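S.K.: What follows is a structure written as structure tokens; I'll ask about it next.
The values are calculated or read from the model by the stated rules, or taken from the named source; none is laboratory data. Since the model is a prediction, treat every value here as computed from it, not as a measurement. Positions of Cβ are generated from backbone atoms using ideal geometry, with glycine treated the same way; all protein chains shown enter the neighbour counts. Ligands, DNA and RNA are excluded from the accessible area calculation, which covers all protein heavy atoms including side chains. Shrake-Rupley method; radii C 1.70, N 1.55, O 1.52, S 1.80 Å.
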Amino acid sequence: MISSEDAATPSMAAFVQRDVQRSRDGQIVILRDCIAEEIPVALIYNGTAHVVMMATPQNLDDFALGFSLSEGLIETAAELQSIDMEYASDAVRVLMQIPERRHAALLLQGRNLIGRSGCGICGTQDIAQVLRAPEKVGEGVFIFEAALKRALAHLHDQQSINAVTGATHAAAWATSDGVITMLREDVGRHNALDKLIGALIRIESDFDAGFLLVTSRASYEMALKAVNVGISLMAAISAPTALAIRVAEQANMSLIGFARPQSHVIYTHPKRIVSDPAARST
């Protein structure tokens, strides 16, 4: 179990503690509770405020890189030339420097509003930006159903913030045999995914060699973020939306919903998920 002192920043914690009153079966008890933190995180490129996201103040360097890549603001990690953090008592400003041509393209988007923790596209001012056609992913990974079951079986154990708060989503990366190698958490499902993408890019992970597992629904922006960095297989423990399915279909990404240790539903490109070694060879 982590403690509130294990924060990723000198002034911010992933959660706070406070005394609460709990009532159960008519009995009232005062106890100490852990509550997930949620603060404004301003993403600023070359001095221009782009968007303010409500996020858990942990792994914000991963978040900045992952957001920049998954939103198409940069094409490679090398184009994020610098990241600096400015901490206030209840907010963080993430100051980034990107090539001037990328900054010029960003200015044309006009996105400078507030994004809530439950929304990945808030602040986007042009419908065409939202409904942009996805690029196709490569052949990617093939997995046995046992690998998906293995990853699901270990997913809960690795969610250290959610274990004490019950309030955060997680995005995890698993190898083709179902071993979770990286996990990030946040109050926002899309923030967790951006943090994971940034962390994986930093260690130069091969997106063709594993699959994505998320604890949320598979919404449009989640599918698009995954596709934008080349992820070929995404599994969500909840349902997908119709638009997410269309994005996955167009992009050649395999999309799984309602992922459970004993069952799952494949919505697009089932070729990557096989029940046993014999099935893959047929």
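S.K.: Regarding the stretch 27-48, can at least one residue be identified that is modelled with pLDDT of 95 or more and within 17 Å of residue 199 (Cα to Cα)?
M.R.: No - not one qualifying residue is present in the stretch 27-48.
S.K.: Between residues in the stretch 73-95 that are under 19 Å from residue 203 (Cβ atoms) and residues that are exposed (fewer than 12 other Cβ atoms within 10 Å of the Cβ) and not small (Gly, Ala, Ser), which pairs lie under 9 Å by C-beta distance while being six or more apart or on different chains?
M.R.: So the pair list comes out as 77/204.
S.K.: When the residues of the stretch 174-205 are narrowed to those that are open to solvent by less than 10 Å² (accessible area, probe 1.4 Å) and of a type in the set (A, V, I, L, M, F, W, C), which ends up nearest to residue 62 (Cα to Cα)?
M.R.: Top of the filtered list is 199.
S.K.: Can you tell me which residue within the stretch 77-136, out of those that are in a loop (DSSP other than H, G, I, E, B) and modelled with pLDDT of 90 or more, is least open to solvent (accessible area, probe 1.4 Å)?
M.R.: 98
S.K.: Hey, could you check the stretch 217-228 for residues that are in contact with a Gly (Cβ under 9 Å, 6 or more places away or on another chain) and not acidic (Asp, Glu) and say which is farthest from residue 72 (Cα to Cα)?
M.R.: 217
S.K.: Quick check on my filter: what residues within the stretch 206-265 are polar (S, T, N, Q) and free of Cβ contacts under 8 Å to residues at least 60 places away in the same chain?
M.R.: 216, 238, 241, 263
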